[in-house]
1. Is it true that Thr416 is surrounded by 15 or more Cβ atoms within 10 Å (Cβ to Cβ), in a loop (DSSP other than H, G, I, E, B) and modelled with pLDDT of 90 or more?
2. Report every pair of residues separated by at least 6 positions or lying on different chains whose Cβ atoms are under 7 Å apart, first residue within the stretch 357-383 and without any contact (Cβ under 8 Å) to a residue 60 or more places away in the chain, second in a strand (DSSP E or B) and crowded, with 17+ Cβ neighbours inside 10 Å.
3. Filter the stretch 534-590 down to the residues that are within 19 Å of Thr634 (Cβ to Cβ) and touching a residue at least 60 places away in the same chain (Cβ under 8 Å), then identify the one that is surrounded by the most Cβ atoms within 10 Å (Cβ to Cβ).
4. Filter the strands (runs of 3 or more DSSP E) completely within the stretch 662-765 down to those with at least 2 residues that are touching a Gly at 6+ places or on another chain (Cβ under 7 Å).
5. Filter the stretch 67-97 down to residues that are of a type in the set (Gly, Ala, Ser) and either closer than 12 Å to Ala114 by Cα or in contact (Cβ under 8 Å) with a residue 60 or more places away in the chain (or both), then give me how many there are.
6. Could you tell me how many of the residues in the stretch 654-695 are within 30 Å of Ala775 (Cα to Cα) and touching a Pro at 6+ places or on another chain (Cβ under 6 Å)?
7. For Tyr605, which of the numbered conditions (1) modelled with pLDDT under 95; (2) part of a strand (DSSP E or B); (3) crowded, with 17+ Cβ neighbours inside 10 Å fails to hold?
8. Can you go through Thr758, Thr772 and tell me which one is within 14 Å of Gln686 (Cβ to Cβ), touching a residue at least 40 places away in the same chain (Cβ under 8 Å) and touching a strand residue (DSSP E or B) at 6+ places or on another chain (Cβ under 9 Å)?
Amino acid sequence: MNKFLFAILFSVISTAVIAQVRPQQSAFRVSTSDTLNYLNPKEYVIGGINITGTVHLDKDVLSQIAKINKGDKILLPGEASATVIKNLYKENLFDDVQMYVTKLNYDTVYLEIAVKELPRLSRLRLLGLHKGEVEDINKKLDDKGKVVNTNLKKHTTDVIKRFFNEKGFLNTTVDIKQRPDPGDPNSLILDVTVDKGKKVMINDVTFEGNKAFSEAKLRHYLSKTRKRKWYNLFGSKKFKEDKYIEDKQNLVEKMQAEGYRDAALISDTVTKHDYQTVDVKLKVYEGPKYYFGKIKWSGNAKFTDAQLNQVLRIKKGDVFSEDLLGKRLSGGGPQGDDIASLYLNDGYLTYSSDPVQTSIAHDTVDLDIRIYEGPQYTINRVTVKGNDVTNDKVVLRELQTLPGQKFNKAALIESTRIIGQLGNFDDQKTEPRPVNYNPQDGTVDLVYNVVEKPSDQVELSGGFGGGQFVGTLGLTFNNFAIKNIFHLKDYKPLPKGDGEKLSIRGQSSGRSYQNYSFTFSEPWLGGKRPIFFSVTAYTQLSSTGQYYAKTDPNYNNLRINGIGVTLGKRLKWPDNRFQLNYSLNFDHYNLDNYPGYLFSNGTSYNIKLTQELTRNSLEGSPIFPTGGSNIRFTLQGTPPYSLFNNINYKLPPTQEQLYHFVEYYKVKFDAQWFIHLAGKFTLLTQTRFGWLGEYNSVVPGSPFERFKLGGDGMQSYQFLQGSDIVGLRGYENFSIVPVGSNYTANNNPGAAIYDKLTFEIRHPVITSTSATIFALAFAEGGNVWDHFSQFNPYNVRRSVGVGARIFLPIFGLLGLDYGYGFDPIPGIPTANKGQFSFSISQSLSGGFN
């Protein structure tokens, strides 16, 4: 009886899952012997398979998915037919699948698989979001043309929620509704309504299991997961899943770095406090505190144990830290104060170390640091790749890694820094790489992979100065090649590639003001040594002659012509970051009733020799340095004409006699230091000082080369008028005058002494080859004096403010600041009451402002 029931049940189940026989549409008749016998299954050979109902899918591919082919054997009725249908359904591509027997011919069967494809997605509409959010999400989805099924809807929902969860929106909801596409009956449009809700903040962060570590210290380790406090300016108060995961790992690493090598995070929970906030609770295990024990060295032949211990700087009894040990062995970074740098700077390119913990007794960890020194490598070939515009020689001549030298990590890092300072390449993408190791002869090749960036600049601006509108057009080609000046095929739009600099600049407000200058510089004069050569010429006219006759008291005119030549050399001592330049300049001034100087009529000549010593060790991008310093010391002077010109200064000399040949000496000191703070914050500290001196006490100070302080620091229409323009944000241009003087910003001839101190905190907003933007906050102070007897470096005009810098390769550096001055300026009540200042092409390559 049980066997009989089992047979009936088996037949019913088989019948339910096998395909049914479809009546023939033709005149074909199925004989009785060809009818399927459900109680007596028979094995058939598949004579053919016809797949119907497909729209987008390939029939051969579907046959492979179904795992059934012509010539296969199949038991009918049986489970094989149900398996075919199951295989197709499993792909989530079909709304319906049926299999029919269309013909039986003794041992051969012909099948038809009829499918109904699920509709495809023709368009996905994101509703309830901003345009930028829609664009960002669409880039992540890219689901057009895919089958609309449960998986697609789930994927869409997950992507959208993940996108907003990363931004702190943990309560995002997604509602998907589908509708037919009127233009395509087998396609659907999905309307996706998104409500991202409000950002979820962190209400509180608590800890359990901590004894040695205070909650305040543990919270400090969670730099991106901070509880909500009004004073929490820099730590994120929004809960972001990815940042939380990073913080949990950082928490454990920091605890282990304090000697708790067994420290671990046992559990963590994030619970909803209210609709907009969550509470974070972490349970930690501290374990015992460990200390370094005996440290043994193995495998070292080049350096003694004592030398390695001196670099390692870890003694028995110091708090155990794997992080510290790793840094001292191979993670010292550019400073080169680790064991790896000791070897790599001496050619041991394949050096490696393995610190093995040989004993852990109570709270002490003994180490055996096993060294593999490998062969000492010499540089064979040095090549540059990626320099599509710049010639190889421009890069290769700057490198500190030369063929025939031992491989040196410090020289490699310095070479990379120098390439970045050239200004022609993206410093973030310069990648030096040792290749072609040859242990047999101990040689290695070096390849510097670089990425060119636009370096030419166009200055096109307009502004008001001196009561008139001044337009400026400037072209600077920073990678010029003068040797190809007559090769028209090399004009792109001018010949490029040799690292020379050509600058042409013009300013004009019509006939009343015109200023034109030309500068050409070659950093490697002759091409064999780093001898810097520069020539500059300029002419300037400022006049009201077009409006007044010469006899009119309102008439004034100034003409300045000048030319200068500079020769410089890169020094090898104290190090190769020093540069010494000598300049000889000739300036001709012709004043006709012109105000703003110590005299207003006559002709004056200024023949000056300048010696400038600089050291530039800036790290990171020239636009946004993150470390290092930039120091410049300048001595300038003219011949002491009063000692041999036979003028009797006891008698009142005329202005023509006093100023026909200007005499003075000048000392300037400028220094910048960049210090990396927490995160991406960088601190700039800058000091500036200038002093204009006299050779002869009976000869008044020079009317030129004086210091004008205040405002944005731009030369504006005062460009090349023989004054040092020094910015002081928060005050009007040129408004800082010596105490007790009767000068104003309009008739300020400048002072003989000045000093300035600046503190500036910077943070990048965008850093890419196409643009660099950073925000800043500053505090600075400065002042001017006429005599050293009045000089007091602590008596300064103070200001604070905020600003931003935008660097676009073609336009240079643009700046906008708002500063507020704390100290009133006598006679100018509005000079310090908050000032906006705009600057162009300031502070490039660590320049001073």
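The values are calculated or read from the model by the stated rules, or taken from the named source; none is laboratory data. This one's a predicted model, so the numbers in the text were calculated from it and none came from an experiment. Quick reminder, even Gly has a Cβ in these numbers, built from the backbone with ideal geometry, and neighbours come from all protein chains shown.
1. Values: surrounded by 15 or more Cβ atoms within 10 Å (Cβ to Cβ): yes; in a loop (DSSP other than H, G, I, E, B): no; modelled with pLDDT of 90 or more: yes.
The answer is no for Thr416.
2. Hits for this filter: Gln357/Val365; Gln357/Leu367.
3. That would be Asp587.
4. Numbers: elements: 665-676, 682-693, 706-709, 723-726.
Ranges flagged: 665-676, 706-709, 723-726.
5. Taking the stretch 67-97 first, the residues of a type in the set (Gly, Ala, Ser) are 71, 78, 80-82.
Filter once more, keeping what is either closer than 12 Å to Ala114 by Cα or in contact (Cβ under 8 Å) with a residue 60 or more places away in the chain (or both): 78, 81-82.
Selection size over the stretch 67-97: 3.
6. We begin by selecting, within the stretch 654-695, every residue within 30 Å of Ala775 (Cα to Cα); these are 668-690.
Filter again for touching a Pro at 6+ places or on another chain (Cβ under 6 Å), leaving 674, 680.
So the answer is 2.
7. Condition not satisfied by Tyr605: (3).
8. After ruling out the rest, the residue left standing is Thr758.
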